[in-house]
Amino acid sequence: MSENLIELYSNQQTLFGRGSIDRLLPLLAAHPQPTLLFCGRSFLNGPAWQRLGAALNDQILGYEIVSHEASPDEIDAWVNRWRGHVDRVVAIGGGSVLDAAKAFSAMMQHPLNTARYLEKVGDTPVQAITLPLIAIPTTAGTGSEATQNAVVTDQQHIQVKASLRHPVFVPQVAILDADLLKGTPDSVLATCAIDAFTHLFEAYLSRKGNLFTQQTALNGLRLFFQAWPNLNRDDAQGDEAREAMMMASWLGGVCLSSAGLGVIHGIAGELGAIKPFHHGEVCGRLLFPFLDVLAETEHAEQQRLMTQLGQALLPDDPAPTALALKAWLQQHAIVPFWQDGPTLSATDVDWIVARANSKNGWVSYDAPTLTEMITAAWHVA
């Protein structure tokens, strides 16, 4: 048996294609049951709700609006409000909306407060029970519609960003409609997309990976390369790009569930515990200094994987793969999200480095290297 035996986690049903959100109402009507909607305010103000909202209101008990990464207290409040009244959940929104709905669906079936079940800080294992969930992403980045974890963030009390995790937490149904990306601001398109890239890239490089996850990640990265320069175009090429990125994001979710992530997320998770920065932007900013580190790697497996990646994605570029990749990403970005931005304090950096780790990377990076990556990504005041 392979040392790295891979299990595939994905949805029981995945509907893919432009306009596929129109399948939601027939799905709900086929099995009527008390249903709660989680969504973002942008969805309620958008064209899909204007077209479907009246009919959708007939199928749901109500909705909860999610505007940021949900905290344990917020999830507990939703559970207390709806326990005993909801049997199914629909989530339409970005990663924060989907994660909030996944956490709610799971905690509706668990007796204790959310924090008791969280990785890093909890003292109680989750059980294999959750409400059925239909997940419909309106951004292409997190892949949360295909992952087994729900990210929960508390920046006020316990200062933690951690997951509720179990294979049954993968949403039963995912609807991937790239038309829902239309009209998204360039900065959101770019920072969500670079999150998808980071999921694929770190899973590709993971020491837990094998041929299955590496080839799946490469397929996603090829789609990313097709889409990245054209995400905001208002034409057929833009439609194709957004559809490709939606697929890349889903594949990123599948890959990270199977092979795990690396040092970028090992840092980003800790930074997210204390700063309300956009997660995709955090990953993108850290990606560039990590590529500088990879350009100097002496680890044989990292070298092999990067050579293979260069042959697949940038075969005509003579530069080292990591540096060629960094240059291509920056040159073809629709917005330079890594420029300017917020600052960190030296105390922030020390706090993050003391808690960060390299997750499933081949190399366990030391504190000075982690510090160099962070200070290359943000101005430190």
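The values are calculated or read from the model by the stated rules, or taken from the named source; none is laboratory data. This structure is a prediction, so every number in the text was calculated from the model and none was measured. Every residue, glycine among them, receives a Cβ derived from its backbone with ideal geometry; neighbour counts consider all protein chains shown. Ligands, DNA and RNA are excluded from the accessible area calculation, which covers all protein heavy atoms including side chains. Shrake-Rupley method; radii C 1.70, N 1.55, O 1.52, S 1.80 Å.
Here are the numbers for the structure shown:
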quantity	calculated
Residue identified as closer than 27 Å to Leu52 by Cα and among the polar types (S, T, N, Q) among Thr124, Thr153, Thr114, Thr139	Thr139
Total residues in region 1-21, condition open to solvent by less than 70 Å² (accessible area, probe 1.4 Å) and farther than 22 Å from Ala248 by Cα	2
Filter result for Ala29 (assigned to a helix (DSSP H, G or I) and small (Gly, Ala, Ser))	yes
All positions within region 262-303 that are in a helix (DSSP H, G or I), open to solvent by less than 30 Å² (accessible area, probe 1.4 Å) and farther than 23 Å from Pro320 by Cβ	His265, Gly266, Ala268, Gly269, Glu270, Leu271, Gly280, Val282
Matching entry among Gly95, Gly84 (being out of contact with any Leu (no Cβ under 8 Å at 6 or more places or on another chain), touching a residue at least 60 places away in the same chain (Cβ under 8 Å) and either closer than 21 Å to Val168 by Cβ or open to solvent by less than 50 Å² (accessible area, probe 1.4 Å) (or both))	Gly95
Cβ pairs under 6 Å, 6+ apart, first in region 321-347 and open to solvent by less than 60 Å² (accessible area, probe 1.4 Å), second part of a loop (DSSP other than H, G, I, E, B)	Ala324/Leu314; Ala324/Asp317; Ile334/Leu231; Ile334/Asn232; Leu344/Trp378; Ser345/Ala381
Hits in region 219-257 - residues which are touching an Asp or Glu at 6+ places or on another chain (Cβ under 8 Å), open to solvent by less than 10 Å² (accessible area, probe 1.4 Å) and either over 18 Å from Gly280 (Cβ atoms) or modelled with pLDDT under 95 (or both)	none
Of all residues making up region 164-176, the number that are touching a strand residue (DSSP E or B) at 6+ places or on another chain (Cβ under 7 Å) and either buried (at least 22 other Cβ atoms within 10 Å of the Cβ) or over 16 Å from Ser258 (Cβ atoms) (or both)	8
